[in-house]
């Protein structure tokens, strides 16, 4: 009887038998050693293989072709540094690099303020905001080639819209694409019209992540809309500005299809930027060795500019999960 009573006795309150605590403790220790919620390396293998085969391998191949002479049909022949010497002395390449840098700078100066203001506005609760935003984002749904063909028709001096409004813009004959400044301005405008909605969407997401309490506190202190924008919105969008700028700069440096459709690098070589120069040498002149050298320079410049933007803006040091904080 005593043994039966003893065996049926419950353990003290607040304590569990050692046999029950041990599995839970071992499970917690094993989870702590493996990392909480951290997937294994094997989960990154598909993405890593995709990146190696479709990004790293082509870049290595292009870098190797830059030291050869190849027309795309026969066997590449090793030429050493001849393509690089030609690249260094070619005035058309120098002009293409200069035009690409100008296009990149003007793209950032023109698109960033508009996209920032539109993104902050789209993040608000204005009347008909959703409808207007949906209409404004329509250029994102079309391909660059299709949109460039539409603008090519609109800018045609014979039957396009530019034939009517050209004189008001200073082009009496309506031949906007026939002048150096007009063609370059057309490329700048069309790219802005197409890609500002993308960056607006980025800024809209960043603006919606800003805590509303910051604006409420600023309003209590008497800060108006303009003061709130410069004191709260801009600092809070620091990471978003850097992200948008990197995408914008790399996109401007590698821009190609609109130039091909609108101007074909003309008039003359006045809109021949580096990507189009690479296309012209590789697929029109069938000089793929020299085109590979141009492509290598383009990759190096775009990567360097992106790293400098991240480094100089302090983006890499920003570890907060909340913008600007």
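At-a-glance table
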| quantity | calculated |
| --- | --- |
| Any chance residue 153 is free of Cβ contacts under 8 Å to residues at least 24 places away in the same chain and touching a strand residue (DSSP E or B) at 6+ places or on another chain (Cβ under 6 Å) | no |
| Residue match in region 214-227 (condition: surrounded by 20 or more Cβ atoms within 10 Å (Cβ to Cβ) and not in a loop (DSSP other than H, G, I, E, B)) | no |
| Region 268-289, residues that are under 24 Å from the mean Cα position of the chain (by Cα) and part of a helix (DSSP H, G or I) | 274, 275, 276, 277, 278, 279 |
| Residue in region 161-178 that is under 20 Å from the mean Cα position of the chain (by Cα) and in contact (Cβ under 8 Å) with a residue 40 or more places away in the chain present | no |
| Single residue of 100, 7, 77 found to be over 30 Å from residue 234 (Cβ atoms) and either within 23 Å of the chain's Cα centre (by Cα) or modelled with pLDDT of 90 or more (or both) | 77 |
| Flag if residue 200 is farther than 25 Å from residue 96 by Cβ, in contact (Cβ under 8 Å) with a residue 60 or more places away in the chain and either touching a helix residue (DSSP H, G or I) at 6+ places or on another chain (Cβ under 8 Å) or surrounded by 20 or more Cβ atoms within 10 Å (Cβ to Cβ) (or both) | yes |
| Qualifying residues in region 232-262 (those that are surrounded by fewer than 20 Cβ atoms within 10 Å (Cβ to Cβ) and not in a helix (DSSP H, G or I)) - the one nearest to the chain's Cα centre (by Cα) | 254 |
| Restricting region 113-152 to residues that are under 15 Å from residue 229 (Cα atoms) and in a loop (DSSP other than H, G, I, E, B), the residue that is nearest to the chain's Cα centre (by Cα) | 123 |
| Checklist (1) surrounded by 15 or more Cβ atoms within 10 Å (Cβ to Cβ); (2) in a helix (DSSP H, G or I) applied to residue 265, failing item | (2) |
| Hits in region 111-129 (condition: crowded, with 16+ Cβ neighbours inside 10 Å and under 16 Å from residue 249 (Cα atoms)) | 111, 112, 115, 116 |
| Filtered residues of region 157-190 (kept if outside any helix (DSSP H, G or I) and closer than 11 Å to residue 262 by Cβ) | none |
| Among the residues listed as 292, 306, the single one being part of a helix (DSSP H, G or I) and crowded, with 18+ Cβ neighbours inside 10 Å | 292 |
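The values are calculated or read from the model by the stated rules, or taken from the named source; none is laboratory data. This is a predicted model, so every value here is computed, not measured. Cβ: placed from backbone, ideal geometry, glycine included. Neighbour counts: every protein chain shown.
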